[in-house]
Amino acid sequence: MIAQKQTQVTKDLANKKVLVIREFDAPLDQVWEAWTQSELLDLWWAPKPWKAETKSMDFREGGTWLYCMVGPDGPGSWCRADFQTIIPHKSFTGLDAFCDESGNLNKDFPVMHWQVDFSKTGAGTKVRVEITYSSVADLEKILELGFEEGFTSALGNLDELLASTPK
Amino acid sequence: MRRDPFRGIADPTRRAILSLIALQAMTPNALAEHFDSSRQAISKHIKILTECNLVKQEYSGREIYYHFNAKKMQEIDKWLEQLRAVWENRFTQLDKVLKNLKTKKS
């Protein structure tokens, strides 16, 4: 059994950015495929118990990936990713938003900008995801949405933060 | 005006202010004594923290006291924890996908 790699989540608060970094025990071209081919994305993109189901995928600059997050109680929300720049086997950027079945944007939900970078490491591949929220209001909305999702979470970081803040 | 709480804690002086008033509520004067910055600079930070809902002002007689709004702070931590949980979950599944790809190709 392979030990699970650790996911680093850091925040760049001043710039409304969240950074997610993780290493994978696989060659770069396979990791790239898993991030850019919808048959593979459908297998992992949605966090349990949801499943991503692709309606259409056009992975090129200016193209769109339209998919649905299907939960245990049936279809949930539709999402679209619009690809802006693609440098094969190196990086891609795009916008991620909520929409309806036909891809019409749902303006009640925030749009996020993504940049995903891939790099070779000794044993595998490192993926760096930078998510930028376009406005202050969006970040607040994401904050509110987060609670509704109701994922289990561990509190207690507050104590840590307070302990590490200069007195 | 509502403000992004993330911006509130982005600044080191504001984090120091929060850690002070988390221990006990303070008047503007008592708070300013802990810093070398001008009183004006501190009150500007307080204004931002109030707008972010991280600090609450309460009157006690004629004095204003700044209180730490721990609930808002927990929201930030909770949000980041949830985000981490979502990504961990995704990536564990991606590990499996990659493992299968490898087996298929070798």
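Observations on the model:
- Nitroxide proxy distance, nm - points 7 Å out along Cα→Cβ at A:A123 and B:K96: 2.2
- Between helix B:70-105 and chain B: long-axis angle, C-alpha atoms, 0 to 90°, nearest 10: 10
- Close amide H partners of A:K11, meaning residues 5 or more places away or on another chain with modelled amide H under 5 Å apart, are A:L19.
- Note, ³J(HN,Hα) from phi for the stretch B:7-17, Karplus 6.51, -1.76, 1.60, rounded to Hz, x at Gly and Pro: 5, x, 9, 6, 9, x, 5, 5, 5, 5, 4
- Cβ crowding within 10 Å, taken as a proxy for footprinting-reagent exposure, orders B:C52, A:C99 from fewest neighbours to most as A:C99, B:C52.
- Of the GluC sites (Glu not before Pro) in the stretch B:1-91, the ones in a loop by DSSP (not H, G, I, E or B) with at most 14 other beta carbons within 10 Å are B:E33.
- Note on chain B: helix-only mean residue ellipticity at 222 nm, from DSSP H runs of 4+ residues weighted -39500 (n - 2.57) and normalised by residue number, equals -21500 deg cm²/dmol.
- Globularity index of the stretch B:5-105, i.e. its alpha-carbon radius of gyration over 2.2 N^0.38 Å: 1.65
- Summarising the amide proton neighbourhood of B:M26: residues at separation of 5 or more, or on other chains, whose placed amide H is nearer than 5 Å comprise B:Y66.
- Förster radius 25 Å - calculated FRET efficiency between B:R62 and A:K17 (Cβ-Cβ, nearest 0.05): 0.05
- Among the listed pairs A:K55/B:K71; A:K17/B:K99; A:K11/B:K102; A:K5/B:K78; A:K11/B:K56; A:K51/B:K78, those beyond 29 Å (Cα-Cα): A:K55/B:K71; A:K17/B:K99; A:K11/B:K102
- Averaging the sequence gap over all C-alpha pairs within less than 8 Å and six or more residues apart, then dividing by the number of residues, gives the stretch B:1-64 a relative contact order of 48 percent.
- Positive-pole candidate from B:F35, B:V55, B:Q74, dipole of the stretch B:5-105, charges at beta carbon: B:Q74
- Here's the picture: charge each Lys and Arg Cβ at +1 and each Asp and Glu Cβ at -1 in the stretch A:3-125, and of A:L105, A:Q30, A:Q8 the one pushed furthest to the positive end of that dipole is A:Q8.
- Qualifying trypsin sites (Lys or Arg not before Pro) in the stretch B:47-106, where qualification requires a DSSP coil assignment and no more than 10 other C-beta atoms within 10 Å, comprise B:R62.
Values in this text are rule-based calculations from the coordinates and carry no lab data. The structure displayed is predicted, hence computed values, not measured ones. Every residue, glycine among them, receives a Cβ derived from its backbone with ideal geometry; neighbour counts consider all protein chains shown.
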